[in-house]
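Colleague: I have a structure here, written as structure tokens, and I will follow up with some questions on it.
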Amino acid sequence: MTNAQNTYAVKVDGKTVATVAGAKQAESVINQLIKEKSEEIGRQVSLVQELEISKVRLDRKAVVDKDTLRQILYPLLTYSLEGAVVKVDGKATFAFESIEEAEEFLEKLKEEYTIDPRGVITFKEEIEVVEMPVQVEQVTTVQTALAEVKEKGTIPTYTVKEGDTLWDIAYGNNIPVEKLEELNPDFKPELMQIGQVLRLSDIQPIINVVCTFEKTVEEKIPAPVEVKRNSAMLQGQSKVVQQGEDGLKEVQYKIVAKNGVVTDKVALGETVVKETKPRIEERGTRVLVASRDFGGGRLAKPSAGAIVSPFGQRWGRMHTGIDLGGPNGSPVVAAENGTVVRASWYAGYGNCVDVSHGGGMVTRYAHLSKMDVSVGQSVQRGQVIGAIGSTGNTTGPHLHFEVLVNGSPQNPANYL
Ligand SMILES: [Zn+2]
């Protein structure tokens, strides 16, 4: 063993990586590496690996010099510093140079999603800052961490089971079918297979900021509508008796926002600031029907005289209205509200006025000596529209009055 001398093994985590001639030599190389790293990042660092220098007996020819030792150790060693980690639900997720930086990161994250300064800001996840050694290459900056917290989150997924339909999956996970299709553009429902994995949402941040606050909002109270029945107006007609006015109320809400997006809104109470004024509408209920028994459906008598000739067969031909007697020039009034659709000479009817009342009903006033209305004019029940005469096919002055429903003559006596 004449060639055997004392040599030193350099072990990294228990494994020999080199043999050197002297222990001091090895120590100085290691110390130099630590010093350089500390200077590089401006903080005192420590080795992560366990280093051991121990005496061994070995052929001197196998030993390496300082430069070679440095080249061997350089890629093997990693360093740590006294920093801090942010744990998310118990898992160390972000490493910082200091506890101050870890706290600054969390504060900035909160600030970014503080919708209301009086709100309570919390994290959805359990967050803990722990002061501990962190590996130099894992240390991140506040800015990088703020970006990564959003970009490196998780995407909730669903694995297709036997019997699933697209609708089941969407409904079961509380998202619209369209959103599910949008999140999975390559997915074809008709080719859905058991075990296929579908995205259920966009990326979810690693840490979610929840802001809970109260807010008072002014809201309009729509004016209520009150409907009154008016038997003096025809069915289908209506008029506004009172214009409504909207009211105003202050509503206190408890609002929950996740990452700046409102996810829940609960009304806590409200105060009426201005009462509403109802809109009141009158709607006509009067119906024109061929029945003496119907109290609401009467027409006004178009002239004062008695019925001198009834509706029906007369002298072998049909009398399509009734004749009301009266002297020449006595007033003729509209039997109901309506619109004048004829006011002209009309063959045997002579001067003839037709008034349409809607619903297919028209009243006709014939043999008039004069006409006081024109086509298109609105007339009111009882309004004078002309005067009794004997124009057209007649033997003397009288009013020939007809009630036509969808063009077919009805017995006017049933409507008066
Ligand atoms: Zn007649």
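Each reported figure results from applying straightforward, stated rules to the coordinates on display, with no laboratory input. Since this is a predicted model, take the numbers as computed values, not measurements. Heads up, the Cβs are rebuilt from the backbone with ideal geometry, glycines too, and the neighbour counts pull from every protein chain shown.
Colleague: Could you compute the net charge surrounding LYS258? Neighbours are other residues with a C-beta less than 12 Å from the C-beta of LYS258; K and R count +1, D and E count -1.
Modeller: For residues surrounding LYS258, the net value is -1.
Colleague: Here is a follow-up. Let me check the size of the range 213-282 from its C-alpha atoms; what are the radius of gyration and Dmax in Å?
Modeller: Expressed in Å, the Cα Rg and Dmax of the range 213-282 come to 18.9, 62.
Colleague: Now for a different question. Given a 10 angstrom Cα cut-off, can you work out which residue in ARG43, ARG317, ARG298 is the most mobile in a GNM of the chain?
Modeller: The residue that fluctuates most here is ARG317.
Colleague: Assuming 0.36 nm per residue, please report the length gained on full extension of the stretch VAL251 to LYS61 beyond their Cα-Cα distance.
Modeller: 59.5 nm
Colleague: While we're here: Can you classify the range 374-416 as rounded, prolate or oblate using the Cα gyration tensor, where a ≥ b ≥ c are the square roots of its eigenvalues, rounded means a/c under 1.5, and otherwise it's prolate if a/b beats b/c and oblate if not?
Modeller: In terms of gyration-tensor shape, oblate.
Colleague: Across the Cα atoms of the range 157-199, what radius of gyration and what greatest pairwise Cα-Cα distance (Dmax) are found, in Å?
Modeller: 9.1, 23
Colleague: Subtracting the Cα-Cα distance from 0.36 nm times the residue separation, let me have the gained length for THR216 to GLU36 in nm, one decimal.
Modeller: 58.8 nm
Colleague: Shifting gears a bit: Determine the alpha carbon to alpha carbon distance for each of LYS15/LYS37; LYS110/LYS150; LYS91/LYS124; LYS24/LYS66 and list only those over 19 Å.
Modeller: LYS15/LYS37
Colleague: Under the classification rounded if a/c is under 1.5, otherwise prolate if a/b is larger than b/c and oblate if not, where does the range 117-219 fall, given a ≥ b ≥ c as square roots of the Cα gyration tensor eigenvalues?
Modeller: oblate
Colleague: Taking the alpha-carbon centroid of each part, what is the distance from the range 234-287 to the range 339-376 in angstrom?
Modeller: 47
Colleague: Which parts of the range 363-402 would a label at VAL341 reach, counting a residue when its backbone N lies under 18 Å from a point 7 Å out along Cα-to-Cβ?
Modeller: Of the residues in the range 363-402, 363-366, 373-381, 401-402 have backbone N under 18 Å from the label point off VAL341.
Colleague: Give me the Kirkwood hydrodynamic radius of the range 1-60, using the inverse of the mean 1/r over all pairs of distinct Cα atoms, in Å to one decimal.
Modeller: 12.7
Colleague: Still on this model: With N set to the number of residues, divide the alpha-carbon radius of gyration of the range 82-151 by 2.2 N^0.38 Å and report two decimals.
Modeller: 1.10
Colleague: Once phi is turned into θ = phi - 60°, what whole-Hz ³J(HN,Hα) does the Karplus curve with 6.51, -1.76 and 1.60 give for every residue of the range 305-312, x standing for Gly and Pro?
Modeller: Here the 3J(HN,Hα) series is x, 7, 6, 9, 8, x, 6, x Hz.
Colleague: How many nm separate the modelled label positions at GLN138 and ASP164, each set 7 Å beyond the Cα in the direction of the Cβ?
Modeller: 3.4
Colleague: Another question, if that's okay. Once the Cβ-Cβ distance between LYS228 and VAL375 is put in as r, and R0 is 45 Å, what FRET efficiency do you end up with, to the nearest 0.05?
Modeller: E(calc), rounded to 0.05, equals 0.85.
Colleague: Moving on to the next point. For LYS188, go through the lysines and keep the ones whose alpha-carbon is under 19 Å away, minus same-chain ones fewer than eight residues off.
Modeller: Result set, ordered by chain and number: LYS161, LYS179.
Colleague: What's the local net charge at SER238, with K and R +1, D and E -1, over the other residues with C-beta under 11 Å away?
Modeller: That works out to +2.
Colleague: VAL120 versus VAL17, label points 7 Å from Cα toward the beta carbon: distance in nm?
Modeller: It is 5.2 nm.
Colleague: Sticking with this structure for a sec: Among all the lysines, which ones have a C-alpha under 18 Å from LYS301's C-alpha, if same-chain residues fewer than 8 places away are not counted?
Modeller: Answer for LYS301, where 18 Å is the Cα cut-off: none of the lysines qualify.
Colleague: Considering only ASN208, VAL225, LEU248, whose Cα is most displaced toward the positive end of the charge dipole of the range 202-285, charges sitting on Cβ of Lys, Arg (+1) and Asp, Glu (-1)?
Modeller: Of the candidates, VAL225 comes out farthest on the positive side.
Colleague: LYS277: which lysines have alpha carbons under 20 Å from its alpha carbon, excluding same-chain residues fewer than 8 sequence positions away?
Modeller: LYS220, LYS228, LYS239, LYS249
Colleague: Shifting gears a bit: What's the Kirkwood radius of the range 307-415 in Å, using all Cα pairs?
Modeller: 13.6
Colleague: With point charges of +1 on the Cβ of Lys and Arg and -1 on the Cβ of Asp and Glu, referenced to the Cα centre of the chain, which listed residue (SER38, ILE388, ALA21) lies farthest in the positive direction of the dipole?
Modeller: My answer, from the dipole projection, is ILE388.
Colleague: Taking the DSSP beta bridges in the range 200-280 as the whole, what percent of them are antiparallel, to the nearest 5?
Modeller: If we restrict to bridges inside the range 200-280, about 95 percent are antiparallel.
Colleague: Check which residues have an amide H placed less than 5 Å from VAL332's amide H, if you skip close sequence neighbours.
Modeller: ILE385, GLY386, ALA387, ILE388
Colleague: So what J values fall out for the range 222-230 if you push phi through Karplus, 6.51 cos²θ - 1.76 cosθ + 1.60 with θ = phi - 60°, rounded to Hz, Gly and Pro as x?
Modeller: Per-residue couplings from phi come out as x, 5, x, 10, 10, 10, 10, 7, 10 Hz.
Colleague: In Å, the Kirkwood hydrodynamic radius of the chain over pairs of distinct alpha carbons?
Modeller: Computed over Cα pairs of the chain, the Kirkwood hydrodynamic radius comes out at 32.6 Å.
Colleague: Here's a follow-up. If R₀ is 35 angstrom, what is the calculated FRET efficiency for the pair SER356 and LYS277, using the beta carbon separation as r and rounding to 0.05?
Modeller: That gives a FRET efficiency of 0.45.
Colleague: Restricting the count to DSSP beta bridges whose residues both fall in the chain, what percent are antiparallel, rounded to a multiple of 5?
Modeller: 95
Colleague: For the residue pair THR263 and GLU128, what label-to-label distance in nm results when each label sits 7 Å from Cα along the Cα-to-beta-carbon direction?
Modeller: 2.3
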